[in-house]
1. So how much slack lies between S209 and K55, counting 0.36 nm per residue of separation and subtracting their Cα-Cα distance, in nm?
2. Report the net charge of residues surrounding T166, where surrounding means a beta-carbon distance below 11 angstrom and charges are Lys +1, Arg +1, Asp -1, Glu -1.
3. Report relative contact order for region 11-88 in percent, whole number only (criteria: Cα-Cα under 8 Å, sequence separation at least 6).
4. What's the FRET efficiency of Q105 with Q250 using the Cβ-Cβ distance as r and R₀ = 51 Å, to the nearest 0.05?
5. Among 91-100, 35-44, what's the highest-first ranking by average C-beta atoms within 10 angstrom per residue?
6. Are any of the pairs K94/K199; K40/K64; K40/K221 more than 27 Å apart by Cα-Cα distance, and if so, which?
7. Using Cβ counts within 10 Å as a stand-in for footprinting exposure, how do H68, H218, H54 rank, fewest first?
8. Picking from H25, C41, C80, whose Cα lies most toward the positive end of the charge dipole for region 11-88 (charges on Cβ: Lys, Arg +1; Asp, Glu -1)?
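Laboratory data are not the source of any read-out in this text; all were calculated from the coordinates shown. The shown structure was predicted, so the numbers you read here are calculated from the model rather than taken from an experiment. Here the Cβ positions follow ideal geometry from the backbone for every residue, glycine too, while neighbour counts run over all protein chains shown.
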Amino acid sequence: MCSRQIHETDVISLIVDGNTSSLPHHLDMLIITDPFIIQKCIVQCNSAEFVFGHKTLDGLMLYKPAVHLLPGGNACLDVCAQCHSSLNRNVMPKFALANDLYRGQLPSQFTDLTWVEEMVCARFRYTAHITRLFQSSDPALPNVLHGNTCAHEMNVVSTASVLPRTPSDINETLSVVFVGPGKFRREFLKDVYRIRKRKVWSFLTWLTSHNVHYLDMHLDKTILDQYPEDDMLPGITDNVIEDHASDVSQIFLEETAGPSEHPAELLKVPPSEADEPFVFLEKVGVSDPEGDRLSGRTFVSRALRNLVSDMGNSTLPDLILHRGSTAIKEYKNPELMPVCSPRYGLSA
Ligand SMILES: [Zn+2]
């Protein structure tokens with residue numbers, strides 16, 4: 001019944017009699033009652049997630065692989081100790097799917113959504129992203145790059161009233177620092193900032209019919225004209241700061257110092273010496289995810305230092321960190337995370 005993925009934990013087996021009509025072990029509190037999930041999952045037959053082929057258990061919010069049908073009509077449920085203890089006391093288990101923690105299933109055609117495509121579809125955004133790309137210091141391998149993207153929290157949530165977001169809206173909070181002796185080429189960014197307009201539109205139309213946070217969202221198809229069929233985010237090349245002076249290997253070693261090797265270090269032999277760029281990026285890091293080591297001021301100063309020391313003569317900002325006068329509620333704000341990351345939102 002858990003929404004958690006726990007590995008190697010002891011489970012307690014609960015036996016459910018196939019001939020009884022009343023639910024034992026206080027399991028009745030796990031019956032689906034959310035009208036949205038009932039309508040989208042069950043009535044529309046979109047998912048058989050809570051149908052187990054056992055008339056006593058059908059309609060309970062259980063994790064299917066933990067339900068075992070036994071010969072003779074009985075069933076056995078694997079329950080973790082924490083959930084079991086709550087059930088025994090007739091208390092809703094804290095991490096139960098039925099405790100408003102069900103988030104639906106993402107259809108397989110959206111599993112390859114890029115982070116930029118998801119950002120274009122997100123109603124809320126509260127992070128600015130800085131990508132650092134380090135070119136190989138080996139002059140023979142100018143097309144081999146590695147780096148990371150770091151998400152910096154803004155203390156205000158950018159909300160969209162119309163979707164998709166426009167490229168300029170997205171570009172405001174993105175910045176790329178290219179560090180290397182050689183020339184920067186726009187192709188370096190193609191994989192990292194890939195966007196496909198058809199994918200964006202089909203994701204948005206799916207969200208407005210299957211995600212409770214998007215039901216009344218206004219979609220404007222004309223905004224799609226600003227996006228390519230399949231290319232990088234328009235305008236992102238204007239956000240690139242080039243640093244040809246710094247020592248790539250030294251900065252990379254300093255910044256990735258840690259108890260284990262950076263994954264890029266493991267690539268002793270790059271897979272290709274062809275003209276095609278090879279970019280090895282650690283997905284997306286979040287600086288200080290617990291928020292307990294850095295003050296807000298240090299956060300911002302580090303984000304800015306991540307840019308470059310010499311800002312040149314331009315008066316235009318390289319990155320905009322939105323700041324608001326009122327704090328965003330991170331607690332008791334169940335909409336915040338699902339809407340920032342719609343692929344994980346409540347959908348059925
Ligand atoms: Zn559990």
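1. Values: separation 154, 0.36 × 154 = 55.44 nm, distance 2.96 nm.
Full extension from S209 to K55 adds 52.5 nm.
2. Details: positive: R165; negative: D169, E172, D220, D225.
Charge balance in the 11 Å sphere: -3.
3. Numbers: 95 pairs, mean separation 36.1, N = 78.
Answer for region 11-88 is 46 percent.
4. Numbers: r = 46 Å, r/R0 = 0.90.
Plugging the Cβ-Cβ distance into 1/(1 + (r/R0)^6) gives 0.65.
5. Averaged packing, sorted descending, gives the order 91-100, 35-44.
6. Values: K94/K199 36 Å; K40/K64 18 Å; K40/K221 25 Å.
From the list (K94/K199; K40/K64; K40/K221), the Cα-Cα distance tops 27 Å for K94/K199.
7. Details: H68 13, H218 9, H54 17.
Ordered from fewest to most neighbouring Cβ atoms within 10 Å, H68, H218, H54 come out as H218, H68, H54.
8. Toward the positive end, the furthest listed residue is C41.
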